[in-house]
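I am attaching a structure below and will ask some questions about it afterwards.
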Amino acid sequence: MRVSVTVGDIVQYATDAIMVNLFEGLERPGGATAVVDKALKGAISELVAQGEVKGKLGEVTIVHTLGKLPAPRVAVVGLGKQADLTTDVVRRAVAEACRALRRAGVKKAATIVHGAGAGGMGATEAVQAIAEGCLLGLYTFKKYRSKDAEEGEMEELHIVTLDQAGLRSLERACERGSVVAEAVNLARDMINEPSNRMTPTEMAERARDLARTYGLEVTVLEREQMRRKGMGALLGVAQGSQHPPKFIVLRYKGNSGSSSTLGLIGKGITFDSGGISLKPAEGMEEMKDDMSGGAAVMGAIAAIARLKLKLNVTAICAAAENLPSGTAMKPGDVVRAMNGKSIEVVSTDAEGRLTLADALSFAVKSHLSPLVDVATLTGACRVALGQVASGLFTNNQELADKVLKAAARAGERAWQMPMFEEYKEQNKSEVADVKNVGGRFAGAITGAMFLSEFVGDTPWVHLDIAGTAFTDKVSGYKVKGATGVAVRTLVNLAEALAG
Ligand code: BES
Ligand code: MN
Ligand code: ZN
């Protein structure tokens, strides 16, 4: 699927289908929709008058033009109430429209710049949102289905503008949207892959592929090197599995004049069975998504490199599998992280924070700053915020505000949770410096408090994506399975830091 910008008149555009829009609650359509309506002898306004078409967000109506226009179909795309229009509304509406056209067998389509004009949005942000909505909404993962494609793929979407002078900047916006959406889909592909395929070794392979393709530096530490660095917490998690852990580091140098490097750290548990503290069987299959944070930081650094953003970024993913076996770590074991702190392992199912303890220690030791980690860390965060928002935790409000802003721009909801020092009490251990479980209450916060033990004073934000990484329903530009959440937030953050 390719999205591009062309100069032309949407009404006269010759392609399989053209897309126009409709706001909810308007008496009659305006703009290009009105022109199309007139050419169709009022077919659209009649549908509106009869109440069959309302312009609600997510509504898509395909009308056949029967020779009255060069394109055989018009898709009337509901944008909701005009006052509620945002870039995320455009992403969602375009995603729904593209899927509806795909169901109708459409290969090539053209669209107006939804959101610009009467929508009042800047044309560049609207174009970027259209590219993102299209590519994210059409995403599928069906490589293991032999009864292939009942639906064909859509091949191209032309975003049509009359603005010859602004073409270059619209093309750049389209390119940016495409790069970012492809990075999200790259993360989704990794996450959706079952854990028998997406092993730590395979994650390292994908990292090497990215490095080769986008000119990143890559280092993969093996078990023995991790041992020498003192990564006892990560090694403890990995010791029950036949698949060796891989400590993946990707580096992008976009600003040789700067001595600072943004550190992106992702949880990379390729399957979380809980280990000896085994999880219940119900829903365990979803735990192939426990490397979503790792996939997100890999997707983000790929996009950052493709966009040539002017900053330095290092992405880290400590990839490991959490399984029970004769060699597995046991509850009550004590492990030591790279920063020297000892940890009592109360539950082997609180493994993400153990791997992140070493990944964050490594990041601090490598002088990365600021740090953002992304992790499917706690069921408690999903209980607190549901599938709607990621939990955000920080030791530095200035950085948190930047991440919150980046998330809002991406349409990826994040909600800040407190890190009052009283919560630290819950992670105190009788036998070690800290324990990996803080009890039943405030589980997402005690998880974050645990991580804070390994970042020192380095400005740091932790995003708990346990509720947002995976979805079981199709909605807007999210489709069933991995959402690829956090990729776009991280790219926006990098862009903001690059200035
Ligand atoms: N990967 C899970 C968290 C999770 C749960 C993500 C549900 C997505 C959906 C994590 O490793 C885990 O098991 N956390 C435990 C921590 C507890 C033992 C302190 C949890 O949330 O139950
Ligand atoms: Mn777990
Ligand atoms: Zn986990």
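The values are calculated or read from the model by the stated rules, or taken from the named source; none is laboratory data. Remember, it's a predicted structure, so these values are computed and weren't measured experimentally. Neighbour counts are summed over all protein chains in view; Cβ atoms, including those assigned to glycine, are modelled from backbone coordinates with ideal geometry. To get the accessible areas, we keep the full protein, side chains included, count just its heavy atoms, and leave off ligands, DNA and RNA. Shrake-Rupley method; radii C 1.70, N 1.55, O 1.52, S 1.80 Å.
If I model a spin label as a point 7 Å beyond the Cα along the Cα-Cβ vector, how far apart are those points for E52 and D457 in nm?
Those two pseudo-labels are separated by 6.9 nm.
Quick one: dipole size for the stretch 357-412, taken about the Cα centre, charges +1 on Lys/Arg Cβ and -1 on Asp/Glu Cβ, in debye to the nearest 20.
For the stretch 357-412, the charge dipole is close to 100 debye.
Net charge within 9 Å of E24 by Cβ-Cβ distance, Lys/Arg positive one each and Asp/Glu negative one each, not counting E24 itself?
+1
Compute, for Y477, the solvent-accessible surface of its heavy atoms (probe 1.4 Å) with the complete set of protein chains present, and express it in square angstrom to the nearest 10.
20 Å²
Towards the positive end of the charge dipole of the chain, with charges on Cβ (+1 Lys, Arg; -1 Asp, Glu), say which of L385, V487, Y144 has the farthest Cα.
In the chain, that residue is Y144.
Across bins of 10 angstrom width beginning at 0, how are the C-alpha pair distances of the stretch 92-147 distributed, in whole percent?
For the stretch 92-147, the pair-distance distribution reads 22, 45, 24, 6, 2.
Something else about it: In whole percent, how big is the carbon plus sulfur part of the accessible area of the stretch 252-379, probe 1.4 Å, protein atoms only?
54 percent
Between A118 and V474, what is the label-to-label distance in nm when each label sits 7 Å out along the Cα-to-Cβ direction?
Placing both labels 7 Å beyond Cα along the Cβ direction yields 2.8 nm.
How large is the charge dipole for the chain, taken about the Cα centre, if only the Cβ atoms of Lys, Arg (+1) and Asp, Glu (-1) carry charge, to the nearest 20 debye?
760 debye
For K68, give me every one of the lysines with a C-alpha distance below 16 angstrom, ignoring sequence neighbours fewer than eight places off in its own chain.
In chain and number order, the partners are K38, K41.
Follow-up question, since we're still on this one. Take the alpha-carbon centre of the stretch 268-289, take the same for the stretch 1-60, and report the distance between them in whole Å.
That distance is 47 Å.
For the pairs K229/K478; K365/K480; K56/K405; K279/K480; K310/K480; K107/K147, flag any whose C-alpha to C-alpha distance is greater than 31 Å.
Over 31 Å apart, Cα to Cα: K229/K478; K365/K480; K310/K480.
Order these peptides, 227-234, 362-369, by their mean beta-carbon neighbour count within 10 angstrom, highest first.
Highest-to-lowest ranking by the protection proxy: 227-234, 362-369.
Could you derive backbone 3J(HN,Hα) for the stretch 302-312 from the dihedral phi with the Karplus parameters 6.51, -1.76 and 1.60 (θ = phi - 60°), listing whole Hz in sequence and x where the residue is Gly or Pro?
Ordered by residue, 3J(HN,Hα) equals 5, 5, 4, 5, 4, 7, 6, 5, 8, 7, 9 Hz.
OK, next. I need the calculated FRET efficiency for the pair S259 and T219, taking r as the beta carbon distance and R₀ as 25 Å, to the nearest 0.05.
0.80
Assuming R0 = 56 Å, can you tell me the calculated FRET efficiency for the pair H64 and E285, based on Cβ-Cβ distance, to the nearest 0.05?
0.85
Return the carbon/sulfur percentage of the accessible area of the stretch 196-250, one whole number, probe 1.4 Å, all protein chains in place.
For the stretch 196-250, the apolar C and S fraction of the accessible surface comes to 42 percent.
Then there is this: Can you list which of the trypsin sites (Lys or Arg not before Pro) found in the stretch 255-364 are DSSP loop residues with at most 11 other C-beta atoms within 10 Å?
Sites meeting the loop and neighbour criteria: K308.
Right, another one. Label-point separation (nm) for S325 and N196, each offset 7 Å from Cα along Cα-to-Cβ?
Result: 1.6 nm between the two label points.
What accessible area per residue, rounded to a whole number of Å², is obtained for the stretch 258-375 using a probe radius of 1.4 Å?
Accessible area per residue: 30 Å².
May I ask you to evaluate 6.51 cos²θ - 1.76 cosθ + 1.60, the Karplus curve with θ = phi - 60°, for each residue of the stretch 245-255 and list the ³J(HN,Hα) values in order in whole Hz, giving x for glycine and proline?
Karplus-based 3J(HN,Hα) across the stretch 245-255 equals x, 10, 9, 9, 10, 10, 10, 10, 10, x, 8 Hz.
Just the number, please: percent antiparallel of the DSSP beta bridges in the chain, rounded to the nearest 5.
The antiparallel fraction comes to roughly 40 percent.
So who's got an amide H within less than 5 Å of the one on E321, skipping anything under 5 residues away but keeping other chains? H placed 1.01 Å off N, in plane.
Distant-sequence amide H within range of E321: T270.
Going by accessible area, probe 1.4 Å, with all protein chains left in place, what is the ranking of M419, M329, largest first?
I get M419, M329, largest accessible area first.
Identify the residues of the stretch 81-118 with backbone N under 14 Å of a label point that sits 7 angstrom from the Cα of L162 along the Cα-to-Cβ direction, or state none.
Only 112-113, 116-118 fall inside the zone, counting backbone N under 14 Å.
Relative contact order, percent, of the stretch 298-356 when contacts are C-alpha pairs under 8 Å separated by at least 6 residues?
24 percent
Can you list residues from other chains, or at least 5 along the same chain, whose modelled amide H is less than 5 Å from the amide H of W460?
Residues meeting the criterion, in which the H sits 1.01 Å from N, are L371, N395, N396.
A further question follows. If you keep only loop residues by DSSP, which GluC sites (Glu not before Pro) in the stretch 241-304 have at most 13 other Cβ atoms within 10 Å of their Cβ?
E282
Also, I was wondering about something else. Sequence-distant or interchain residues sharing an amide H contact under 5 Å with I265, placed H: which?
I316, V372, D373, V374
What length, rounded to one decimal in nm, is gained on full extension from R440 through to K143, with 0.36 nm per residue of separation minus their alpha-carbon distance?
Taking 0.36 nm per residue and subtracting the Cα distance, the gain is 102.9 nm.
Suppose R0 equals 56 Å; then what is the FRET efficiency for K41 and K428 from their Cβ-Cβ distance, rounded to the nearest 0.05?
Step by step, r from the Cβ atoms, then E = 0.15.
Could you derive backbone 3J(HN,Hα) for the stretch 41-52 from the dihedral phi with the Karplus parameters 6.51, -1.76 and 1.60 (θ = phi - 60°), listing whole Hz in sequence and x where the residue is Gly or Pro?
Each residue's phi maps through the Karplus curve to give 6, x, 4, 6, 5, 5, 4, 5, 4, 6, x, 7 Hz.
Please tell me the relative contact order of the chain in percent, rounded to the nearest whole number, where contacts are Cα pairs under 8 Å and at least six residues apart.
Value for the chain: 15 percent.
Give a quick list of GluC sites (Glu not before Pro) in the stretch 37-92 that DSSP marks as loop, anything other than H, G, I, E or B, with at most 10 other Cβ atoms within 10 Å.
E52
I would also like to ask the following. What number comes out for accessible area per residue over the stretch 80-132 if the probe is 1.4 Å? Units Å², please.
33 Å²
Could you tell me which residue out of M1, Q12, I112 lies farthest along the dipole of the stretch 1-159 toward its positive end? Charges go on the beta carbon: Lys and Arg +1, Asp and Glu -1, centred on the Cα centre.
Of the candidates, M1 comes out farthest on the positive side.
Using only alpha carbon pairs under 8 Å that are at least six residues apart, calculate the relative contact order of the stretch 1-154 and give it in whole percent.
About 27 percent, as a whole number.
Here is a further query. If I fit a long axis through the Cα atoms of helix 123-137 and take the longest principal axis of the Cα atoms of the chain, what angle between them do I get, 0 to 90°, rounded to 10?
Compared with the principal axis, the helix lies near 70 degrees.
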